[in-house]
Amino acid sequence: MRDSFIKFVLAALAMGSLFLASVPSAWANSVSFNLTANNLGISGSIGNVTVSDTGANQVTVTLTMNAGFSVKLQGGDIAFSGPSGLTAGSVGGLKAFSGVNTFSGLSFKQSFTAKNISQFGTFAFDYANITGSPNGVVSADSLTFVLTAPGLSASQFTGVAIHFCTASGTSCGPLTGFASNGPPTAVPEPGTMTLLASGLVSLGGLVRRRM
């Protein structure tokens with residue numbers, strides 16, 4: 001009986017260790033939105049938007065498009081529902097990426113509140129019309145920027161909508177449309193990992209006492 005108990009606990013410890021090893025290190029809470037809905041009738045996912053806590057009253061937004069799609073820069077929109085207190089001045093560090101190229105020094109020319117996005121309803125905040133990219137660069141494969149506002153956190157974000165192109169790269173593509181998310185997927189926070197690690201340590205101590 002004693003040997004069986006020890007084997008069980010050791011197996012649990014091993015499984016817990018494998019789980020911890022398989023989970024990427026995350027020091028901030030984040031929420032991820034899979035862009036599975038669009039107004040062009042395209043099936044599957046267009047891309048993904050992740051909002052992560054990266055400082056006090058600060059989040060970093062990362063938009064990654066899937067192959068065959070890009071995010072529209074000039075004339076484009078990136079809209080959010082859920083947070084409050086965002087302004088035109090809340091944005092910083094806006095960068096776009098396409099292949100090995102990085103385009104920095106970008107900015108949103110416009111910002112709106114209570115903006116209606118085609119077929120997806122009204123979003124609390126909309127940042128639009130990215131300027132500052134080189135001539136001929138009108139779309140990008142991924143985008144990142146920082147939002148700062150009093151009390152802002154990733155957990156407040158409940159939805160996103162973006163203006164996208166139907167081709168990868170910097171030339172946008174033949175069609176443009178809007179894409180939005182289904183239910184957001186929460187990324188495990190450090191507290192969850194800490195609780196699991198504490199449980200494994202406790203199991204280890206129990207085994208040691210039994211032995």
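The values are calculated or read from the model by the stated rules, or taken from the named source; none is laboratory data. Worth saying up front: this structure is predicted, and the values here are computed from it rather than measured. Neighbour counts run over all protein chains shown; Cβ positions are idealised from the backbone, glycine included. What goes into the accessible areas is simple: the full protein's heavy atoms, side chains included, and nothing from ligands, DNA or RNA. Shrake-Rupley method; radii C 1.70, N 1.55, O 1.52, S 1.80 Å.
Among the residues of the stretch 74-100, those that are without any contact (Cβ under 8 Å) to a residue 60 or more places away in the chain and part of a strand (DSSP E or B) comprise Val91, Gly92, Gly93, Leu94, Lys95, Ala96, Phe97.
Quick check on Val187: is it modelled with pLDDT under 95, crowded, with 16+ Cβ neighbours inside 10 Å and of a type in the set (Val, Ile, Thr)? Spelling it out, Val187 is indeed modelled with pLDDT under 95, crowded, with 16+ Cβ neighbours inside 10 Å and of a type in the set (Val, Ile, Thr).
Checking each residue in the stretch 37-62 for being β-branched (Val, Ile, Thr), more than 16 Å from Leu86 (Cβ to Cβ) and in contact with a Gly (Cβ under 9 Å, 6 or more places away or on another chain) picks out Ile42, Ile46. Pairing each residue of the stretch 58-70 that is in a loop (DSSP other than H, G, I, E, B) with any residue that is of a type in the set (Phe, Trp, Tyr), provided the two are 6+ apart or on different chains, yields C-beta distances under 6 Å for Phe69/Phe164.
Scanning the stretch 135-152 for residues that are farther than 21 Å from Phe69 by Cβ and surrounded by fewer than 18 Cβ atoms within 10 Å (Cβ to Cβ) returns Asn135, Val146, Pro150, Gly151.
Taking the stretch 101-126 as the range and being assigned to a strand (DSSP E or B), open to solvent by less than 30 Å² (accessible area, probe 1.4 Å) and in contact with a Lys or Arg (Cβ under 9 Å, 6 or more places away or on another chain) as the test, the residues that pass are Phe103, Phe123, Phe125, Asp126.
Among the residues of the stretch 78-100 satisfying the criterion of being over 18 Å from Ser32 (Cα atoms) and not small (Gly, Ala, Ser), which is most open to solvent (accessible area, probe 1.4 Å)? Across the stretch 78-100, the extreme among qualifying residues is Val100. Of the residues that sit in the stretch 94-125 and are farther than 26 Å from Ser84 by Cα and small (Gly, Ala, Ser), which one is nearest to the chain's Cα centre (by Cα)? Taking the candidates together, the pick is Ser98.
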